[in-house]
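Read the structure below first, then the notes.
The values are calculated or read from the model by the stated rules, or taken from the named source; none is laboratory data. The model shown is predicted, which means the values in this text are computed figures rather than measured ones. Glycine gets a Cβ as well: all are built from the backbone with ideal geometry, and neighbour counts include every protein chain shown.
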Amino acid sequence: MATIENLQAAFAGESQANRKYLAFAKKAEADKMPQVAKLFRAAAGAETIHAHAHLRAMGGVKSTAENLKAAVEGEGYEFQTMYPQFIKESDSENNQAAGISFRNAMAVEQVHHGLYQEALAAVEQGKDLPSATIYLCTICGNTVVGNAPDKCPVCGASQAKFSAVK
C-alpha cells in the first residue's frame, strides 16, 4: 500500500515540476535567456518521462475507453465540485486573480468534459473522432474543435491567441 501512495505522490510531484519548469522556461525566454529556457524545457521533459513511468507503474494507463471514462469523471469533478468551492473561497478572500483563474479553468473543464464524452461515445462504437483541427486558447486553455472562434467565449481573447494542436 505504501508503494502505491509513493507512486501517487511521485506522479503528482513530477507532474507539477513539469508544468512549473515550462512556466520558468517561458519566463527565461522573455528575459532573453534562451539557453536557460532550453535547460528548463529539457528538465520538464525528463519530469514528464518520470511521471509517465510512475503512472504506468500504478496501473493508471488503461484502454482508451477506460482512460476516457477517467477523464470524463475527473473533468466532471473539477467543474461541478472542485472549482465552485475554490471560487467561493477566493471570492470570500477577495482574491480576484485566483477567482479569474478558477472561473476560466472551470469553464474549460466543462468543455473538456463534453469533448471527452463525445470521444468516449465514438470509441465505444469502435471509432475514432472525425478528423478536425483542434485549437487551444493560449490565454485560458479553451479547447475548440473545427475553427478557432473570432473571440474566445471563455476569456474573450482574440482568434490570434488560439493555436492549432499538433
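Observations, loosely collected:
- Residues that are surrounded by 15 or more Cβ atoms within 10 Å (Cβ to Cβ) and of a type in the set (S, T, Y) within the range 45-68 comprise just one, T48.
- Where A119 falls short, out of the listed (1) within 21 Å of N67 (Cα to Cα); (2) buried (at least 17 other Cβ atoms within 10 Å of the Cβ); (3) not assigned by TED's automatic domain parsing to the domain that holds K69: (3)
- R103 being closer than 23 Å to K20 by Cβ, outside the structural domain of A9 (by TED's automatic domain parsing) and basic (K, R): yes
- Candidates are the residues of the range 115-166 that are aliphatic (A, V, I, L, M) and part of a strand (DSSP E or B); the one that is farthest from K26 (Cα to Cα) is V145.
- Which listed residue, of G156, G141, G114, is farther than 30 Å from A9 by Cα and out of contact with any Leu (no Cβ under 8 Å at 6 or more places or on another chain): G156
- Near pairs, Cβ below 6 angstrom, 6+ apart or cross-chain, from the range 80-98 (more than 22 Å from V111 (Cβ to Cβ)) to any residue that is of a type in the set (G, A, S) and surrounded by 14 or more Cβ atoms within 10 Å (Cβ to Cβ): D91/G99
- Residues (surrounded by 13 or more Cβ atoms within 10 Å (Cβ to Cβ) and without any contact (Cβ under 8 Å) to a residue 24 or more places away in the chain) located in the range 31-44: M33, V36, A37, K38, L39, F40, R41
Each row is one residue, and each column tells you yes or no for (1) surrounded by 13 or more Cβ atoms within 10 Å (Cβ to Cβ); (2) modelled with pLDDT of 95 or more; (3) in contact with a helix residue (DSSP H, G or I) (Cβ under 6 Å, 6 or more places away or on another chain).
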site: G99; (1), (2), (3): yes, yes, yes
site: L115; (1), (2), (3): yes, yes, no
site: G126; (1), (2), (3): no, yes, no
site: I139; (1), (2), (3): yes, yes, yes
site: V145; (1), (2), (3): yes, yes, no
site: K161; (1), (2), (3): yes, yes, no
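- Count of the range 7-29 residues which are farther than 26 Å from I139 by Cβ, without any contact (Cβ under 8 Å) to a residue 12 or more places away in the chain and surrounded by 13 or more Cβ atoms within 10 Å (Cβ to Cβ): 1
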